[in-house]
Amino acid sequence: MGSSVGANQAPIPPNPENDSENHEPSNVEGAEDQDNGDEEDEINDAEEIQVEDEYELKQRKSQTQESRLREQKFNLENLLRRMSSERVPLRVHDVLIKGNTKTKDSLIEAELEGVKNAKTMQELLQAASIANAKLQRLEIFDSVNITLDSGPTELPGTANVIVEVAEAKSPLTGEVGMFRKTTARSWVFEGALKYKNRLGYGDLWDGSLAVGPHQTSEAGVGVFLPRVKGLVTPVVARVSLLSLDWIEFSSYKERLLGLSLGLFSTQHHDLVYNLGWRTLTDPSQMASRSIRRQLGHGLLSSLKYTYKLDRRDSPLRPTRGYAFLSSTQVGGLVPDHRSLQFLRQEFDLRYAVPLGFYQTALNIGISSGVVFPWGHGFLNKRSPLPERFFLGGDFSPVCNLGGPSTVWGFKTRGLGPSEPRRQTRDNSNDDNSGRDYVGGDLVVTAFADLSFDLPVKWLRENGVHGHVFAGAGNVAKLTEGEFRNFSFHNFLQSFRSSVGVGVVIPTKLFRLEGNYYYILKQHDHDRGKSGFRFSFSPPS
């Protein structure tokens, strides 16, 4: 019965609340799953689109860069073709200077005059190279870069020049070297301390101390100004104190306090004014009569012009090329009775010829000089003692381009006119030690030097080579009426001469030689000696 009731009982309608409670959650979860799936699909699609866009962008950028490079390469090749076949018109629109915090713009701009005046691309490139070298030579920059850029688009055929400089980090520098001093007429070791660009005009301030043989010493301070308004060449001013000891050779000491002012200087020309107070003394009290007449004070006021042209491939071991020097000095420009009045002229000619085997080269040279007083009664005057010519010394004439100076094998001031010193009870019987070399007014020297490589690879790689040589020279007196007795025939007949062979070791500072000398001809009172000796020679 129960079962039939149960069977025939009508169905109970669903409760809306229960239905919502029981069935709604399952519908929401399904919807969320569907929504999440759609979002993930959209994100994936977006990421795929983004990746595709980035890839396409990279491709476009790569294609753009490649096209730019191809275009630049084409333009460069086209420019090079035009430059090789024709002059490309171009003018400078603007010059930009960067990196100079202390250096004045006017100094840099002055070295860029050639860049500003360029009319073609070829001229601009050449002028930029020259300007870079000039700025480097000022010695106040660690680096110099000149960039050429295109001008404004509205101004075709123009270029902008960008100059970037890096000023020296430390204004103080020092250097040590071996040099030949024209004032000392000898080689010296010199140390110098320089202060760069103190005023911002490329100025170099320096103090130096030099020492050399025969108690030679020189102390000086100077300033170098590469550009002064209104002048196209540098200005050099220097104050120095020079001390020379010639007691052993000529019985006098020399001290010169002077001012040197460089008035004009270019690659080949040099004009210098010298003003100095010179003192000659004889501490030994044994000087000859000619030396005693010149002791005391003298005022040096001279103008010196030098022309120098050197086309040799090396100053230490020339193998090809030629060199020429002419020096003219006029003394006595101050109207004072103590002013030394003289004219001094020197010539020096060199020529190097390669022979084509074992780096063999023949160097030949001839030098001459003359000094003469001027003024009232000049025919009977004597020339100033320090301005006369003296020959001899252990250094090579090959790398010394500066006038007549030595003949191989003769000691310092070891040939030429001489006079006996004052006689005392302590005088030695040695004639040479009892004579003063008084120098001459006319001098001529000549030499020939044949250099060659040695048959050892290590020596060749380090520049060590051998040489055989021959030299000759003579000095004569012309002043105080002696020119009346002068004869060119006798002058040539009395030439001193020597030959020799040796080994040369070039270094960065000097040329070291170990030579054997053989004296062919000398006079009674000359100090030439055959034998082996070392010598040091700085480059000219």
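The values are calculated or read from the model by the stated rules, or taken from the named source; none is laboratory data. Bear in mind the structure is a predicted one, so any value in this text is a computation, not a measurement. As a convention, Cβ positions derive from the backbone with ideal geometry for all residues, glycine included, and neighbour counts pool all protein chains shown. These area figures cover heavy atoms from the full protein model, side chains too; ligands, DNA and RNA do not enter into them. Shrake-Rupley method; radii C 1.70, N 1.55, O 1.52, S 1.80 Å.
Before moving on, here are some points about what is shown:
- When region 108-167 is filtered for residues that are open to solvent by 30 Å² or more (accessible area, probe 1.4 Å), aliphatic (A, V, I, L, M) and part of a helix (DSSP H, G or I), the ones remaining, listed by number, are M121, L125, I130, A133.
- Against the list (1) within 20 Å of L244 (Cβ to Cβ); (2) open to solvent by 10 Å² or more (accessible area, probe 1.4 Å); (3) modelled with pLDDT under 90, the condition G403 fails is (2).
- Filtered residue count, region 368-377, keeping only those that are open to solvent by 10 Å² or more (accessible area, probe 1.4 Å), on the phi < 0 side of the Ramachandran plot and touching a residue at least 12 places away in the same chain (Cβ under 8 Å): 4
- Taking the numbered list (1) crowded, with 21+ Cβ neighbours inside 10 Å; (2) assigned to a loop (DSSP other than H, G, I, E, B); (3) in contact with a Leu (Cβ under 7 Å, 6 or more places away or on another chain) in turn, P397 passes all entries but (3).
- Residue under evaluation R382, criteria (1) under 25 Å from L300 (Cα atoms); (2) within 25 Å of the chain's Cα centre (by Cα); (3) of a type in the set (K, R), criterion not met: (2)
- If you go through region 79-107 and keep only what is modelled with pLDDT under 85 and part of a loop (DSSP other than H, G, I, E, B), you end up with E86, R87, V88, L90.
- Being part of a strand (DSSP E or B), more than 30 Å from P373 (Cα to Cα) and not hydroxyl-bearing (S, T, Y) is a description that does not apply to L509.
- Checking each residue in region 118-156 for being among the β-branched types (V, I, T) and under 30 Å from W205 (Cα atoms) picks out I130, I140, V144, I146.
- Candidates E254, E218: the one that is modelled with pLDDT of 90 or more and of a type in the set (D, E, K, R) is E254.
- The condition (being in contact with a Cys (Cβ under 9 Å, 6 or more places away or on another chain) and touching a residue at least 40 places away in the same chain (Cβ under 8 Å)) is satisfied by just one residue among R496, R511: R511.
- All conditions but one from (1) among the charged types (D, E, K, R); (2) within 25 Å of F249 (Cα to Cα); (3) in a loop (DSSP other than H, G, I, E, B) apply to R344; the one that does not is (3).
- The lone criterion from (1) at pLDDT 95 or above; (2) touching an Asp or Glu at 6+ places or on another chain (Cβ under 9 Å) left unmet by W277 is number (2).
- Matching entry among F324, F357 (being open to solvent by 40 Å² or more (accessible area, probe 1.4 Å) and either assigned to a strand (DSSP E or B) or within 24 Å of T445 (Cβ to Cβ) (or both)): F324
- Region 531-540, residues that are out of contact with any Cys (no Cβ under 9 Å at 6 or more places or on another chain) and surrounded by 13 or more Cβ atoms within 10 Å (Cβ to Cβ): R533, S535, F536
- Inside region 327-341, residues that are assigned to a strand (DSSP E or B) and surrounded by fewer than 16 Cβ atoms within 10 Å (Cβ to Cβ) make up a count of 1.
- Scanning region 195-206 for residues that are open to solvent by 30 Å² or more (accessible area, probe 1.4 Å) and of a type outside the set (F, W, Y) returns K196, R198, L199, D206.
- The one condition in (1) touching a residue at least 60 places away in the same chain (Cβ under 8 Å); (2) at negative phi; (3) open to solvent by 50 Å² or more (accessible area, probe 1.4 Å) that E480 fails to fulfil: (2)
- Top-ranked residue in region 488-511 [being modelled with pLDDT under 90 and not aromatic (F, W, Y); ranked as nearest to P397 (Cα to Cα)]: R511
- First in region 292-311 and within 15 Å of E254 (Cβ to Cβ), second anywhere and at pLDDT 95 or above and open to solvent by 30 Å² or more (accessible area, probe 1.4 Å), Cβ under 6 Å, 6 or more apart: H297/T279
- Options S314, S301: the member that is crowded, with 18+ Cβ neighbours inside 10 Å and either of a type in the set (S, T, Y) or at pLDDT below 95 (or both): S301
- Single residue of L242, L259 found to be within 23 Å of L385 (Cβ to Cβ), at pLDDT 90 or above, part of a strand (DSSP E or B) and open to solvent by 70 Å² or more (accessible area, probe 1.4 Å): L259
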